[in-house]
Each structure stands twice: as structure tokens, then as C-alpha cells.
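Any read-out appearing in this document is the output of simple, stated calculations on the displayed coordinates, not a laboratory observation. Quick caveat: nothing in here was measured; it's all calculated off a predicted structure. Cβ placement follows ideal geometry from the backbone for every residue including glycine, while neighbour counts extend to all protein chains displayed.
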Amino acid sequence: MVEKIKIAGIAGSLRKGAYSKAVLNAAKELAPEGTDFEICGIEDIPPFNQDMEGNMPNSVKEVKAKLMAADAIVIVTPEYNFSFPGVLKNAIDALSRPEGGKSANPFDSKPLAIMSNSPYMLGGSRAYYQLRQVFVYLNANVLNRPEVIIPFVNDKLDKEGRLSDEATREHIKKQLEALVQAVRKKSA
Ligand SMILES: Cc1cc2nc3c(=O)[nH]c(=O)nc-3n(C[C@H](O)[C@H](O)[C@H](O)COP(=O)(O)O)c2cc1C
């Protein structure tokens with residue numbers, strides 16, 4: 001049996017009805033065949049401080065184990081004050097730090113797709129580019145294209161809060177296909 005490609009997904013918003021969660025749920029639905037898409041919550045990750053290194057709480061260890069095991073990562077971010085939310089930065093900081101003296105950066109050399117969204121016209125594009133910058137240090141293999149930047153996301157959901165806009169769904173699908181290609185290229 002051919003092993004499935006594992007994709008781990010993170011939404012950068014803790015809000016119950018977050019548009020970012022709706023986009024991430026759509027990504028899970030639209031992930032190409034032969035993949036296993038798991039959503040990883042960052043709700044329980046506490047404020048990081050460096051004293052936690054070597055004795056990370058289970059909430060960090062659990063998400064980190066999923067990211068380490070993943071072949072690729074998807075992050076959907078909203079935009080807060082022209083950047084991405086602090087909770088997402090906090091989670092990335094905690095998840096990227098060494099444990100027990102071992103360097104264990106789950107993003108290192110890993111194909112990573114970023115999606116941003118906003119109810120406004122620029123679709124969180126400033127958050128998108130600021131988030132990319134973080135992954136320069138973390139040495140992730142961030143997809144250059146297609147970019148998924150979703151403006152007016154609130155108009156693209158149905159009554160149940162599901163991302164239903166067909167053009168947007170198609171675009172997400174293309175990015176996920178490119179992500180899977182990047183995984184295949186890496187292991188070829
Ligand atoms: C603290 C804060 C700052 C915000 N700043 C921006 C911003 O810079 N650009 C933008 O497009 N929307 C901004 N918004 C509006 C968010 O896009 C909107 O609240 C969105 O629903 C948040 O994403 P979520 O639905 O995934 O939680 C801001 C919202 C908050 C709470």
C-alpha cells in the first residue's frame with residue numbers, strides 16, 4: 001500500500017466562528033487524493049517563554065509531534081493590525097524551539113503553504129507576507145505560488161459557515177496540488 005502524504009493544518013485564529021477555520025476546513029475537504037489532512041489546534045498553547053524549553057507542556061508537544069510527522073504544513077492566517085495574530089506567532093515560537101537539548105524545528109525544509117483571508121479588500125495580504133518572513137529563519141520550503149489570499153471572505157461562506165465560493169475552492173485546490181508536488185519532488 002502506498003503511504004499517504006501527511007498534511008498538518010493550523011488556523012491562526014482562536015475565534016469559534018473564525019473565517020480562518022472555515023478556510024482550513026475547506027482545505028481539508030479539498031486536499032488531493034492520497035493525502036491525509038489533519039487539523040492541529042493551537043488553542044491550548046500557553047504564552048511561550050524560554051524557561052519552558054526542555055520541559056514543554058503537553059499542548060505544545062502534541063502539536064509538535066503532529067507537525068514533525070507531517071510531510072507538509074498548511075497555515076491559514078487572518079490579519080490583525082496589518083500583521084498575523086500574536087497567538088499564531090506564539091504558537092510558532094513555542095513549536096519551533098528545541099526540546100531536551102535536541103534541535104527539533106518541525107518546519108525545517110518542509111513544504112509549507114500559507115493562505116490568508118479577511119473580510120476586507122486586501123485579503124490579509126500583509127499578514128501573508130509577514131508570515132512568510134518568519135519561515136525564512138525557520139527554513140521552511142514556503143510555496144511561492146499559487147498564493148491563496150482571500151478578500152471579502154465573509155461573502156464566500158454559506159449559511160452553515162462553510163467556504164462555498166467555487167472559484168476560491170478551486171484556487172485552494174490548486175495550491176494544495178502544488179504543495180503535494182513539492183513533497184513528491186523532495187522525496188524523488
Ligand atoms: C485586533 C484586530 C485587528 C484587525 N486588523 C485587521 C487588519 O489589519 N486587516 C484586516 O483586513 N482585518 C483586520 N481585522 C479584522 C479581521 O480581519 C476580522 O476580525 C476577521 O474576522 C479575523 O479573522 P478570523 O475570522 O479568522 O478570526 C482585525 C481584527 C482584530 C480583532
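Give me the dipole magnitude in Debye, nearest 20, for the chain about the Cα centre, with unit charges on the beta carbon: positive for Lys and Arg, negative for Asp and Glu.
On the way: 25 positive and 23 negative charges, 57 e Å.
Value, rounded to 20: 280 debye.
Using the alpha-carbon centroid of each, what span in Å lies between segment 129-188 and segment 27-43?
Cα centroid of segment 129-188 versus Cα centroid of segment 27-43: 12 Å apart.
Any lysines with Cα under 28 Å of the residue 186 Cα? List them, leaving off those in the same chain fewer than 8 positions away.
4, 6, 28, 61, 64, 66, 89, 102, 110, 173, 174
Which of these, 136, 60, 23, has the largest mean-square fluctuation under a Gaussian network model of the chain (Cα springs below 10 Å)?
Top of the fluctuation ranking is 136.
What is the Cα convex hull volume of segment 22-74 when expressed per residue in Å³?
Hull volume normalised by residue count: 92 Å³.
Be a star and scan segment 14-52 for residues whose amide nitrogen sits under 20 Å from the point 7 Å along the Cα-to-Cβ vector of residue 160.
Under cut-off, by backbone N: 16-32, 37-39.
Could you please tell me the mean projected area of the C-alpha convex hull for segment 5-187, averaged over all directions and given in square nanometres to one decimal? Show your work: numbers first, answer last.
Numbers: hull surface 39.6 nm².
Taking the Cα atoms of segment 5-187, their convex hull projects to 9.9 nm² on average.
Under the 0.36 nm per residue contour assumption, what length would be gained going from the current alpha-carbon distance of residue 53 and residue 152 to full extension? Mind dumping the intermediate values first?
Numbers: separation 99, 0.36 × 99 = 35.64 nm, distance 3.96 nm.
Full extension from residue 53 to residue 152 adds 31.7 nm.
Per the helix-only calculation at 222 nm, which mean residue ellipticity applies to the chain, given -39500 (n - 2.57) for every DSSP H run of n ≥ 4 and division by its residues, nearest 500 deg cm²/dmol? Don't skip to the end; give the middle numbers.
Numbers: 5 runs with 69 residues, N = 188.
It lands at -12000 deg cm²/dmol.
Identify the trypsin sites (Lys or Arg not before Pro) of segment 81-188 meeting these criteria: DSSP loop state and at most 11 other C-beta atoms within 10 Å of the C-beta.
Numbers: sites: 89, 102, 126, 132, 156, 159, 162, 169, 173, 174, 184, 185, 186; in loops: 159, 162.
When the trypsin sites (Lys or Arg not before Pro) of segment 81-188 are filtered for loop state and at most 11 Cβ neighbours within 10 Å, 159 remain.
Work out Dmax and Rg for segment 17-115 from the C-alpha atoms and quote the Rg first, both in angstrom.
So, for segment 17-115, Rg and Dmax equal 14.0, 42 Å respectively.
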